[in-house]
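The values are calculated or read from the model by the stated rules, or taken from the named source; none is laboratory data. Only a predicted model underlies this, so the values are computations on that prediction, with no experimental measurement involved. All Cβ positions, even for glycine, are placed from backbone atoms using ideal geometry, and neighbour counts span all protein chains on display.
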């Protein structure tokens, strides 16, 4: 594989990245003198840098793990890229050890400064580079972001309450990261949805409890659930569809309990 073959949205290994761009195999900023390019990697699993998105612009934290960051080496290369014509290629890590290619980006020309923690936990000033994607005709799939969030949640969940408190004490609110995403929307049959809700007659078909409240039209509020998800090739059919209270609906999506699935399949048939 070479740079011409590499497509936006493709995930590659660190070894492939190194060979394709002829750069080193470590670091978040990797320069190739031979190819006059700089590879940037936004990796939340490294822990020392905090990057955030705003639409098609990534606010990328410069390099330097200890103390205030300085405008030297790769930081200087990136800041001067508009003048020098240095190509900037951006990767993001959604899954550890895999690199998602965003294509070429351009530095907008406006340097920002922020306060962040360094690798030793001390306050320091970092350089923020706003980077705009050059190709805007693609979107990140929602599943990538969900997976990234789940991994982050799992990591935080493993920490003690004391560690959580320390992290909160050091947390400084910032604008939320906002991203344009791509997702598949499955159209559901309106007649089928109404039939299933009427079949349930105001009771959740899993726990058999009354709907928790009435909607703004005075109808018992139940949610339509596909026992075998449409995203897993389940049918939009009476036999695969039930009406659940919000609590049981979330339970089915989180636990996917086989006994519950068998019970619902018996009811739906």
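In table form, for the structure just shown:
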read-out: Selected residue (only one of 102, 89 is in a strand (DSSP E or B), farther than 25 Å from residue 122 by Cα and within 15 Å of the chain's Cα centre (by Cα)); value: 102
read-out: Verdict on residue 233 being more than 18 Å from residue 269 (Cα to Cα), exposed (fewer than 15 other Cβ atoms within 10 Å of the Cβ) and in the same structural domain as residue 255 (by TED's automatic domain parsing); value: yes
read-out: Residues of the range 126-145 that turn out to be surrounded by fewer than 13 Cβ atoms within 10 Å (Cβ to Cβ) and either part of a strand (DSSP E or B) or modelled with pLDDT of 80 or more (or both), as a count; value: 1
read-out: Residue in the range 73-84 that is in a loop (DSSP other than H, G, I, E, B) and either under 23 Å from the mean Cα position of the chain (by Cα) or outside the structural domain of residue 112 (by TED's automatic domain parsing) (or both) present; value: no
read-out: Test set (1) more than 24 Å from residue 125 (Cα to Cα); (2) in a loop (DSSP other than H, G, I, E, B) - residue 110 fails condition number; value: (1)
read-out: Matching residues, the range 17-46, being in a helix (DSSP H, G or I) and loosely packed, with under 15 Cβ neighbours inside 10 Å; value: 19, 45, 46
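Yes or no, residue by residue, for (1) under 25 Å from residue 181 (Cα atoms); (2) assigned by TED's automatic domain parsing to the domain that holds residue 178; (3) in contact (Cβ under 8 Å) with a residue 24 or more places away in the chain:
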| site | (1), (2), (3) |
| --- | --- |
| 22 | no, yes, no |
| 36 | no, yes, yes |
| 42 | yes, yes, yes |
| 100 | yes, yes, yes |
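The rows are residues; the columns are (1) surrounded by 13 or more Cβ atoms within 10 Å (Cβ to Cβ); (2) under 30 Å from residue 50 (Cα atoms); (3) in contact with a strand residue (DSSP E or B) (Cβ under 9 Å, 6 or more places away or on another chain); (4) assigned by TED's automatic domain parsing to the domain that holds residue 256.
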site: 160; (1), (2), (3), (4): no, yes, no, no
site: 163; (1), (2), (3), (4): no, yes, no, no
site: 174; (1), (2), (3), (4): no, yes, yes, no
site: 206; (1), (2), (3), (4): yes, no, yes, yes
site: 214; (1), (2), (3), (4): no, no, yes, yes
site: 217; (1), (2), (3), (4): no, no, no, yes
site: 220; (1), (2), (3), (4): yes, no, yes, yes
site: 225; (1), (2), (3), (4): yes, no, yes, yes
